[in-house]
Structure formats: C-alpha cells, structure tokens
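Input: a single structure, listed below in structure tokens.
The values are calculated or read from the model by the stated rules, or taken from the named source; none is laboratory data. No experiment lies behind these values; they were computed from the predicted model shown. Here the Cβ positions follow ideal geometry from the backbone for every residue, glycine too, while neighbour counts run over all protein chains shown.
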Amino acid sequence: MIDLVAEDQKNIWHPYTQMKNALPPIPIVRGEGAHLFKENGEKLIDAVSSWWVNIHGHSHPYIANEVFKQLNTLEHVIFAGFTHPKAVELSTKLLSILPSNQAKVFFSDNGSTAVEVAIKMCLQFWFNQDVKRKKVLAFADAYHGDTFGAMAVSGRSAFTRPFDALLFDVEFIELPTKHNLQNLKSKISSLKSELACFIFEPLVLGAGGMLMYEAQHLDELIAHCKKEQVLTIADEVMTGFGRTGKYFASDHLQNKADLMCFSKGITGGTMPLGLTTCTLEIYNAFLSDDKLKTLFHGHSFTANPVACAAACASFDILTQPETMANINRVAQNHQQFKDKIQHHPKLKEVRQTGTIIALEWLNDSKTSYFNNLRDKLYHFFLDRGIILRPLGNILYILPPYCISDDDLHYIYQQIELALEEF
Ligand SMILES: *Cc1c(COP(=O)(O)O)cnc(C)c1O
C-alpha cells in the first residue's frame, strides 16, 4: 500500500495551510452518512459537513447512482450554443422552489465564481444602461470567496492583506441592529447614486464567525435598497438548501434579493457547481442588438452534466419530507443544547440558526482565526473522533442533516468536556 501521507507531503500544497509546520494530513479513504473513515477503519464524525458542502451524508447511494448513470450517458458538453437534459431539469427544479422573482439561472463552478458572476451582472446592468453606478455595498465581516472580485466584496482581513491594494473599492457597513438600522439606511441613501448593488450573506455570516442577525432587519435593508434602486445579491452559498431551517435563508424574508448565489450544498457536496440566479429585470438589461451588451462570462465546465445530475439528485432528496424532518430534528437538538449551556461562564454567546450552532468562547485576546484556542479545540475534538474546525474562539457545528441524535449528543457531551478543560 502506498504511504499516502508521505506521497502527499512530497507533492501537494493544501488550502488554508501553513505548509512549514502543518501536521501531516489525515488520509480519508471512505465516507458513509455523517461519517468519514481512516485507512485503519477508524471513524470520524463530519460535524462541519466537509467545509459546509455535504448536506445528505457521504457517498449517498441515490446521488452516486445518478452520477454513475450520467457518466455513462454524457460526461460533458460545451454550454455555449448547446444544452443538455440535466441542466434543463436542474433549472426547472430549482426555480420551482426559489423565490418567485428569480427567473434565470447562470451556471459556474463554485461559490466564488457564483459571486463573481452576480457582481458582474450588477455592474453591467448599470453599464448597459449608461448609468454610472459602480460601487458595491457589503458587510464588514462578510466572506464571499477567494477569487479577486469575491475577495474585494469580503471584509478586509489577514487573508486579504497581501492583495488589499489591488481590491476594488467597496463600501462596508456593520450588521443591522435595531439601534443602527436608521444610520445604515441613511448611508445607503447618501451613496445611492454610486451604488450598483448590495451583497450580503442572509441571516448568517459564515466564515466571518457564524455571526447571526435578524431577518427583520435585513428585510428592511433590502426594502430600502429597492426604494433607492440599489440591486441586491443574496449570497446563499452557505445558507442555501436547508441549512437555516428553510430551503433558503431568503425564505425567512418578505423582501427578496434581485440575484442569488449558490454552491456548496447544491450537489449534496458531491461535485463542484456554482449557480447565479436573477430576475427578469436584470436579464432583460442584457438583451440587445448591440453585441457589447452581452454577458461575456463562462467557464470551460459551465453546467457540467455530471455536476448537474448530482444537483438534481440532491434536490430530489432535499424535497422529500424526511429531509425537512431531519433538518428540524437537528435544529431542535441544537436549540436544547443552546438552552442548556448558553449561560456557561466560559462562553460569551451561543448562537443558533437552523442546523448551525456556534459557541463563542470568552477570550482576553481579540477574536481571530489565529487564536491558539482554535488549535487546542481542533485537536481536542479530533482526538475524540469529531471533525470541528473552530473559527478562532468560535466553535460551530454544521452537520449533514442525516446525522444521528446519538452523534449529536456525543458531540455536545464532548463540547461540555472542552468547556471544562479550556
Ligand atoms: C464558501 C463561501 C463562498 C465561496 O465558495 P467557494 O466554493 O469556496 O469558492 C462564497 N460565499 C459564501 C457565503 C461562502 O460561505
């Protein structure tokens, strides 16, 4: 048998990893349900859904079979000038559950590209009409991806530092509260003639630390943007497909964004796929006899049929009643655990939205990814067979919906032990 770790270390550069002092990567050779297995058969609970993508469990037999069938039928076809059954099926399926203002579907490969496409659609929407609205509004703690445009509309941080000078100018605002809502609206009004769009993660800012805010406040911000003709983009890359207790976080809102971005859970975590949807109003601004008004954007693997087949299969599972029952079950377990520990003296705050629960440790040093509590917690849980990747002093659980009550209670129990230790 080849030594996976040795060969890996010879050849591979891992994401978000300081390779100089990184511990050896852990080889995973199999997955089933909420579990991943090491070479020696040892089991790990995937409590972060493998970077938030896996919603129905690993190696789901239905998705696997649909992917297999698609691979034996058509693996890929150029998507400019051509189409295929699974792209058509997926667009119909998704539009049937998306907010009714969403009319058109644009395919790409991942969350960052879904965001890039949304931003380009907004900027060109105004360009095509000769209106000089070029600025983007975003939350200061937002995370929208790692490519340049997505990085630009994300909050500035240690991760963006080497590139800050090259990132386009963005207006950042704080998360809305009942105290600052009026100020935020005034700011939008004062900038409105320059603002092309407002991009936000609805209800939960993921990589920014699982920061949660009121649907009602976001609703008011979106309504205000509509009044000032500022386009709105809901980045549902993390929140989409059941994560917040409804199909989409936008389903908690009265006012719907003009554009929406999806990836992560869209294929059940099986294949990379990104998707940007928009209203007819956006789409129509690109219809012209003038070729320059075209959206000149596309990727080699746009609407890859195998990825679309995985997404159609994941949709079928998502829309079965058992899945929403599982989502509610996970959310209820989280809620009960929150009630139990939220006043723990070592915790600053416990937050929960749908299947996400986040515990913020009180800490003297500033909240940051580089906080050494993070490493201690990470290894504490790994030693106990649980994959959790704290964001600094913020520990969160974001599991596949099929995770068992037993596994959840085991994780909660270990968290209580961690609270005693750290
Ligand atoms: C992960 C994430 C992205 C980026 O998606 P990738 O597929 O990693 O490029 C964008 N927006 C949000 C809200 C995310 O959580």
Original post:
If His297 satisfies every condition in (1) within 16 Å of the ligand (Cβ to nearest atom); (2) of a type outside the set (D, E, K, R); (3) surrounded by 17 or more Cβ atoms within 10 Å (Cβ to Cβ) but one, which is the exception?
Top reply: (3)
Original post:
Would you call Glu349 in a strand (DSSP E or B) and either crowded, with 21+ Cβ neighbours inside 10 Å or touching a Lys or Arg at 6+ places or on another chain (Cβ under 8 Å) (or both)?
Top reply: no
**OP:** Pick out, from segment 65-170, the helices (runs of 4 or more DSSP H) lying fully within it that include 3 or more residues that are within 16 Å of the ligand (Cβ to nearest atom).
**Re:** 111-127, 148-152
**OP:** Using the structure shown, decide if Leu211 is in contact with a Leu (Cβ under 8 Å, 6 or more places away or on another chain) and more than 28 Å from Ser108 (Cα to Cα).
**Re:** no
Subject >> Among (1) of a type in the set (A, V, I, L, M, F, W, C); (2) buried (at least 22 other Cβ atoms within 10 Å of the Cβ); (3) assigned to a helix (DSSP H, G or I) - the single one Ala303 does not satisfy >> reply: (3)
Subject >> Subset of segment 134-157 (residues that are touching a residue at least 24 places away in the same chain (Cβ under 8 Å), over 23 Å from Met212 (Cβ atoms) and of a type in the set (Gly, Ala, Ser)) >> reply: Gly149
Original post:
Taking the stated definitions as given, is Glu236 out of contact with any Asp or Glu (no Cβ under 7 Å at 6 or more places or on another chain) and surrounded by 24 or more Cβ atoms within 10 Å (Cβ to Cβ)?
Top reply: yes
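Matching residues to (1) in the same structural domain as Ala103 (by the TED database); (2) over 18 Å from Tyr143 (Cβ atoms); (3) part of a loop (DSSP other than H, G, I, E, B); (4) within 15 Å of the ligand (Cβ to nearest atom):
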position: Thr239; (1), (2), (3), (4): yes, no, yes, yes
position: Arg243; (1), (2), (3), (4): yes, no, yes, yes
position: Lys256; (1), (2), (3), (4): yes, yes, yes, no
position: Met260; (1), (2), (3), (4): yes, no, no, yes
position: Gly265; (1), (2), (3), (4): yes, no, no, yes
position: Gly269; (1), (2), (3), (4): yes, yes, yes, yes
position: Ile282; (1), (2), (3), (4): yes, yes, no, no
**OP:** Pick out the one residue from Thr367, Thr353 that is of a type outside the set (A, V, I, L, M), at pLDDT below 95 and over 19 Å from Ala34 (Cα atoms).
**Re:** Thr367
**OP:** Quick one: in segment 186-202, of everything that is over 26 Å from the mean Cα position of the chain (by Cα) and at pLDDT 95 or above, which residue is nearest to Lys227 (Cα to Cα)?
**Re:** Ser189
Original post:
Got a number for residues in segment 171-186 being farther than 17 Å from Val136 by Cα and assigned to a helix (DSSP H, G or I)?
Top reply: 3
Original post:
Do we have any residue at all in segment 189-199 that's out of contact with any helix residue (DSSP H, G or I) (no Cβ under 6 Å at 6 or more places or on another chain), in a strand (DSSP E or B) and either within 13 Å of the ligand (Cβ to nearest atom) or under 17 Å from Trp126 (Cα atoms) (or both)?
Top reply: yes
